[in-house]
Amino acid sequence: GNSVTQMEGPVTLSEEAFLTINCTYTATGYPSLFWYVQYPGEGLQLLLKATKADDKGSNKGFEATYRKETTSFHLEKGSVQVSDSAVYFCALIGQAGTALIFGKGTTLSVSS
Amino acid sequence: EAQVTQNPRYLITVTGKKLTVTCSQNMNHEYMSWYRQDPGLGLRQIYYSMNVEVTDKGDVPEGYKVSRKEKRNFPLILESPSPNQTSLYFCASRRGSETQYFGPGTRLLVL
């Protein structure tokens, strides 16, 4: 079945450091891929998405590229801020369009 | 404003006392679902609904019930809550394979 694997956390960075959170997936066909973010005490909100191979999703300085050949959707940001401290979830919806399947989440902590 | 609402946001109850968590969306989405979030386990789907009167089990349905009598509402029912159902619950909705929108969460403690 479909699945998502993302790097375990926590990830601890200093302000202005470069961020990468790895995400790989297993799915048949062409799933849609998402990154969601959960700030402390809040619900999940969409950060970015990509719906076909080689698409790049971007938002708030974060980027991720849909790589079909490596089945990956790694999240990157060039310069993190303290306000980026949150839990980040990689997710996919399969081509059949049923469940949104999540990775286990990666906690990011940014210090000034 | 497009949104998913859940009530209550916080609930403390005792074992065996039936409870319902309501969920409503104003985006006319066909698909709705419930998740629970637990430390170290991430988000796990409890039940989902593809449309009115169509519901199906997710990964962890035991101890839960749902109904979908109207398109906008998708309540989660715990008929006899137990301490292992203490968790953070999220309702969500979407159209097709588009972006899924989440409610703010309901934090449940079962004593």
Once you place label points 7 Å from the Cα toward the Cβ at B:Leu11 and A:Asp55, how far apart are they in nm? 3.5
Partner chain coverage, peptide A:39-46 - average Cβ within 10 angstrom: 5
Filter the trypsin sites (Lys or Arg not before Pro) in the range A:68-112 to those in DSSP coil with at most 13 other Cβ atoms within 10 Å of their Cβ, and list the result. A:Lys68
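On a 28 Å Cα-Cα criterion, which of the cross-link pairs A:Lys104/B:Lys17; B:Lys18/B:Lys57; A:Lys68/A:Lys104; A:Lys56/B:Lys65; A:Lys68/B:Lys57 come out too long?
Cα-Cα > 28 Å for A:Lys104/B:Lys17; A:Lys56/B:Lys65; A:Lys68/B:Lys57; rest within.
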In vacuo Debye scattering of chain B, one point per C-alpha: log10 I(q)/I(0) at q = 0.20 Å⁻¹? -1.02
Per the Kirkwood formula over distinct C-alpha pairs, the hydrodynamic radius of chain A in angstrom is 14.0
Translational D (Stokes-Einstein, µm²/s) of the protein assembly as shown at 37 °C and 0.692 mPa s when Rh comes from the Kirkwood sum over C-alpha pairs? 182
Average partner chain C-beta neighbours within 10 Å, per residue of B:93-105? 5
Taking 7 Å along the Cα-to-C-beta vector as the label spot, tell me the B:Gln3-A:Ser83 distance in nanometres, rounded to one decimal. 2.1
Average Cα contact separation per residue, chain A, under 8 Å, 6 or more apart, as relative contact order %: 37
Where a Cα-Cα gap under 17 Å defines reach, which aspartates and glutamates qualify for A:Lys60, not counting those fewer than 8 residues away within the same chain? A:Glu15, A:Glu16, A:Glu76, A:Asp84
So what is the relative contact order of chain B, in percent, for Cα pairs below 8 Å that sit 6 or more residues apart? 36
Taking the Cα centroid of the range A:4-30 and of the range A:77-108, what is the distance between the two, rounded to the nearest whole Å? 8
Counting only other chains, what is the mean number of Cβ atoms within 10 angstrom of the Cβ of each residue in peptide B:37-46? 4
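No value in this document is a laboratory result; all are computed from the given coordinates. It should be emphasised that the depicted structure is a prediction, and the values quoted were computed from it without experimental measurement. So basically every Cβ, Gly included, is an ideal-geometry build from the backbone, and we count neighbours across all protein chains shown.
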